[in-house]
Amino acid sequence: MDLQLSGRRALVTGASSGLGLACAQALAMEGATVAIAARSPERLADAAAAIDSDVIQISADVSTTAAVEEMVATAENALGGIDILIANAGGPPPGDFASTDIDAYEPALRLNLLSTVAMCKTVVPAMQARRWGRVVAVTSISVREPIAQLILSNTARAGVTGFLKTLAHEVASDGVTVNSLQPGLHATDRLHSVYGDDLSALAATVPTGTVGEPADFGALAAFLCSDAAKFITGAAIPVDGGAAHGLQ
């Protein structure tokens, strides 16, 4: 299926590895011009080498508004504008209510909530003016079913989901769609670093009997950026092999 993304301009954050890199690869494969952003220039270079087209590399820490604004300005100058935003960032440290100090909440909210708000504030108005735009945020299945020992992530990602749903309603008539993807377990480097090369025991906990493939996740993100998905907005889509048990 041709997603007709040739000529579209995309900014993907948290793109040096994992699901962010998979999204960048999928968009590039569909013909989009892609800028990838992450904190480490070295890891960005490795990521760029794993994408089958030339990409723009932007070293940026999205946890501050000033850094987000600078990153977006750099991407817009390099790309000539931004049609697609994939908002992705790493998760905050683990912990439960008792072990997590209140001072830990502010940096977690900056990383996993305010960074996406800042990106949308700087990118979406131009999308509205052009009457076309796509925002896809990578959150977590914890939005549907909070995960033990991840109270910071549970809190921040639930907040950003509410923001995205509200934004989607406000900009839908301008040709801009806003959606989020809620990943469960995927075979990323991070998962392998925790569980090793053999993920079979972990896969057995998922109804499909497998962990997710990052490439499949990236393909879904790319589809949401296409014209074929123009009637999908305000959606928060689980990508978890059926692991979440909630009805919604």
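If I model the stretch 90-226 as equal point scatterers sitting on the Cα atoms and use the Debye formula, what is log10 I(q)/I(0) at q = 0.10, 0.13, 0.15 Å⁻¹? Debye output, listed in q order: -0.40, -0.66, -0.85. The calculated 222 nm mean residue ellipticity attributable to helices in the chain amounts to -12000 deg cm²/dmol, summing -39500 (n - 2.57) over DSSP H runs of n ≥ 4 and dividing by all residues. Extension gain for the segment Ser99 to Glu145, taken as residue separation times 0.36 nm less the Cα-Cα distance, is 14.5 nm to one decimal. Our summary gives the stretch 185-240 a relative contact order of 34 percent, counting only alpha carbon pairs under 8 angstrom and 6 or more residues apart.
Magnitude of the Cβ-charge dipole of the chain, K/R +1 and D/E -1, about the Cα centre, nearest 20 debye? Walk me through the intermediate numbers first.
On the way: 14 positive and 25 negative charges, 138 e Å.
Dipole of the chain, to the nearest 20 debye: 660 debye.
Note on Val194/Lys121: beta-carbon distance plugged into 1/(1 + (r/R0)^6) with R0 of 35 Å gives a FRET efficiency of 0.55. Based on alpha carbons, the Rg and Dmax found for the stretch 9-239 are 16.8, 49 Å.
Distance distribution P(r), the stretch 1-114, all Cα-Cα pairs, bin width 5 angstrom from 0: 2, 12, 22, 22, 17, 11, 7, 4, 3, 1, 0 percent.
What is the gain in length, in nm to one decimal, between Thr208 and Asp2 on full extension, counting 0.36 nm per residue of separation less the C-alpha to C-alpha distance?
Values: separation 206, 0.36 × 206 = 74.16 nm, distance 2.77 nm.
Full extension from Thr208 to Asp2 adds 71.4 nm.
Entry note, the stretch 74-222: relative contact order of 24 percent, from Cα contacts under 8 Å with a spacing of 6+ residues.
What shape does the stretch 37-88 have by the C-alpha gyration tensor, where a ≥ b ≥ c are the square roots of the eigenvalues, rounded means a/c under 1.5, and otherwise prolate means a/b greater than b/c and oblate the rest? Could you put the intermediate results ahead of the total?
On the way: a/c = 1.97, a/b = 1.23, b/c = 1.60.
The shape class here is oblate.
Laboratory data are not the source of any read-out in this text; all were calculated from the coordinates shown. Keep in mind the model is a prediction, meaning the values are calculated, not measured. Ideal geometry is used to build each Cβ from the backbone, glycine not excepted, and the neighbour counts take in all protein chains shown.
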